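Below is one structure; the comments refer to it alone.
FYI, it's all coordinate maths here, none of it is from the lab. These figures come from a predicted structure and were not determined experimentally. Cβ sites come from the backbone with ideal geometry, for glycine too, and all protein chains shown count toward neighbours.
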Amino acid sequence: MPDPTDRLALVTGAGRGIGRAVAARLAADGVVVAVHYGQDDEAARLTVKQIQDAGGRAFPLRAEFGRLSALDELWRGYDEAVAALLGTAGPAPVDILVNNAGITVPHGVRELTEADWDRLFAVNAKAPFFLVQSALSRLRDGGRIVNVTTAATRVAMPMISAYTMTKAALETFTVDLAVELGPRGITVNSVAPGFTDTDINPAMKDPAGRKAMAASSALKRVGTPGEVADVISYLASPGGRWVTGQRFEASGGVSLGL
């Protein structure tokens, strides 16, 4: 029989980077983690293996965001995996939802196409909105939602302005959702990473670019995915129960100076 104290988390975009670190940290905290990913089966497999090798529990969950039908696929796979792992039946609950999946297109206002715009908003804003909508009946009272945004909503970065707009929308959604779900004891917060050392950030491979990013931080270095995951872990923990509707910037103090 399943343990009624088991907590279940769904981390989107958990195949690599910040999402992988969040999934690993939550699993280390004793949470059963659904490792969502869009296309890269091997990356998701490695995330799950890393968690299992450390003694945690996790399973891969494939669904490519950008179309609403992906949500049916996601929840079907989620229910099947939780049933196999914990011996449950019917729709499986969710205690922690981390909306981390996102894409970017490095074009400014002159170069960005309508197709780029539509894709950015479909994955980064539309998908988390309707994912939350579809999860409302599954979210346990006292649960947690964390939306991963960006420090760029605070500073000017013209080359990713459309991307930043999607994340600004997610931050507004955070505040509204906190009020909507507050009566159920569900907290909703956003975490905004700054320059973070991930393999999906090509600028990190350029020594000059990396040096410039480090120099822009008050702590004079770039961050790690694990440092972002630490903040999310706190918000998802019992200690975060009285914090909701807030934006937490995990950026090392990027662009604080003039």
Yes or no: region 100-113 includes at least one residue that is free of Cβ contacts under 8 Å to residues at least 12 places away in the same chain, of a type in the set (A, V, I, L, M, F, W, C) and more than 15 Å from ASP6 (Cβ to Cβ). no
If VAL179 passes every condition in (1) loosely packed, with under 14 Cβ neighbours inside 10 Å; (2) of a type in the set (A, V, I, L, M, F, W, C); (3) farther than 18 Å from ARG247 by Cα but one, which one does it miss? (3)
Quickly run through region 47-60 and pick out the residues that are touching a residue at least 24 places away in the same chain (Cβ under 8 Å), surrounded by fewer than 24 Cβ atoms within 10 Å (Cβ to Cβ) and not aromatic (Phe, Trp, Tyr). GLN50, ALA54, GLY56, ARG57, PRO60
Would you be able to tell me the number of residues in region 150-207 that are more than 15 Å from the chain's Cα centre (by Cα), part of a loop (DSSP other than H, G, I, E, B) and among the polar types (S, T, N, Q)? 1
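Per-residue answers, yes or no, for (1) surrounded by fewer than 20 Cβ atoms within 10 Å (Cβ to Cβ); (2) under 21 Å from ASP72 (Cβ atoms):
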| residue | (1), (2) |
| --- | --- |
| ALA84 | yes, yes |
| ALA89 | yes, yes |
| LEU97 | no, yes |
| PRO106 | yes, no |
| GLU111 | yes, no |
| TRP117 | yes, no |
| VAL123 | no, yes |
Examine region 167-175 for a residue that is more than 16 Å from PHE248 (Cα to Cα) and buried (at least 16 other Cβ atoms within 10 Å of the Cβ), and state whether such a residue exists. no
